[in-house]
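Beneath this line is the structure, given in structure tokens, with notes to follow.
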Amino acid sequence: MGILEGKKALITGIANEKSIAYGIAKAFYREGAELAFTYANEKLKSRVKEIALEFGSELIFECDVSKDQHVKDLAHALSSAWGKLDIFVHSIAFAPREEFKGGVIDTSREGFKIAMDISVYSLIALTRELLPLMEGRNGSIITLTYYGAEKVVPHYNVMGIAKAALESTVRYLAYDIAKYGHRINAISAGPVKTLAAYSITGFHLLMEHTTKVNPFGRAITIEDVGDTAVFLCSDWARAITGEVLHVDNGYHIMGVFGREEDIKKEVFGE
Ligand code: NAP
């Protein structure tokens, strides 16, 4: 029996099989959860429908999180379909591509607003609307963040600021929803080659560097993130809330970047 048996989970943010949310859906399905999905616009509908079928689900709902009515309609539709909800996965972020080109200093007012709206406010709005469905269920919510919230990552720019706000939002929401018995946590994932990631100028360099210098010397997979999400949304994590859990092969613990053997080779030629 899977550890999410009997739980109903809403997954947002699947664009394709490379999406982090796809890795989470795969792990949830393996562990016995029943799944429902959202898609941002008509263009993605058929792809998300195919993916939902792969996970035994016919429940797909349109939800562009920049639209209040979509968020309300989603909660309404899910209420009619299931009447209850145990898990909500928020795997959504967006900033216009030009915001990743220069530095933070080049951020436009509009780009700032969009990044904060889609990547941060959406978590608040969706949580609020989905809360009634979670009543009495000891619900669990997770969102996805990145190390660029904590430290400067060149070109991550306004998204780093948005992720810092997202992590703070997780803590405030954790306090708000604790009285209903629900939890919310963030997974800070190492770089993964997804559609969203390719908007970031120099992403391939970032990926190469991060992979090389983390203590394990390997890249993060969507399966690594999926398995962590299972744990966080399971009853085993019942006392964990408001947390930012790094799933990055230990990259964030490093002060000097690189493993000793690589530094010796590269710096001292040994
Ligand atoms: P992805 O596959 O491109 O997923 C991003 C999702 O956000 C897409 O499904 C996208 O839909 C959706 N989205 C954008 N604007 C939306 C809107 N207005 N309404 C509803 N959905 C919207 O990329 P991903 O890397 O898996 O990203 C998922 C999350 O992981 C993001 O929060 C990202 O910041 C975070 N993360 C990623 C990495 C990484 O290296 N990839 C590392 C750490 C954290 P469309 O395709 O239609 O725009």
Do any residues in the range 24-48 that are without any contact (Cβ under 8 Å) to a residue 60 or more places away in the chain have Cβ atoms under 7 Å from those of residues that are among the hydroxyl-bearing types (Ser, Thr, Tyr) and within 11 Å of the ligand (Cβ to nearest atom), where the two are at least six apart or on different chains, and which pairs are they?
38/12; 45/39; 48/39
Pairs under 7 Å by beta carbon, first residue on the phi < 0 side of the Ramachandran plot in the range 138-149, partner more than 10 Å from the ligand (Cβ to nearest atom) and of a type in the set (Gly, Ala, Ser), six or more apart or different chains?
142/229; 148/160; 149/160; 149/164
So, in the range 97-128, of the ones that are away from the ligand (no atom under 14 Å from the Cβ) and of a type in the set (D, E, K, R), which residue ends up nearest to residue 172 (Cα to Cα)?
128
Which one of these is buried (at least 19 other Cβ atoms within 10 Å of the Cβ), closer than 22 Å to residue 96 by Cβ, at pLDDT 95 or above and within 11 Å of the ligand (Cβ to nearest atom): 196, 149?
149
Residues of the range 28-71 classified as among the small types (Gly, Ala, Ser) and either within 12 Å of the ligand (Cβ to nearest atom) or more than 18 Å from residue 85 (Cβ to Cβ) (or both), total:
3
Of the residues in the range 211-233, those that are in a helix (DSSP H, G or I) and within 19 Å of the chain's Cα centre (by Cα) come to 222, 223, 224, 225, 226, 227, 228, 229, 230, 231, 232, 233
Having 3 or more residues that are under 18 Å from the mean Cα position of the chain (by Cα) is the bar; report the strands (runs of 3 or more DSSP E) wholly within the range 1-111 that clear it.
8-11, 34-39, 87-90
Which numbered condition residue 80 misses (of (1) more than 10 Å from the ligand (Cβ to nearest atom); (2) touching a helix residue (DSSP H, G or I) at 6+ places or on another chain (Cβ under 7 Å))
(2)
Which of the residues belonging to the range 1-27 are within 15 Å of the ligand (Cβ to nearest atom) and aliphatic (A, V, I, L, M)?
10, 11, 14, 15, 20, 21, 24, 25, 27
Does residue 161 satisfy being more than 24 Å from residue 140 (Cα to Cα), in contact (Cβ under 8 Å) with a residue 24 or more places away in the chain and within 15 Å of the ligand (Cβ to nearest atom)?
yes
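The values are calculated or read from the model by the stated rules, or taken from the named source; none is laboratory data. What you see is a predicted model; the values in this text were computed from it and never measured. So basically every Cβ, Gly included, is an ideal-geometry build from the backbone, and we count neighbours across all protein chains shown.
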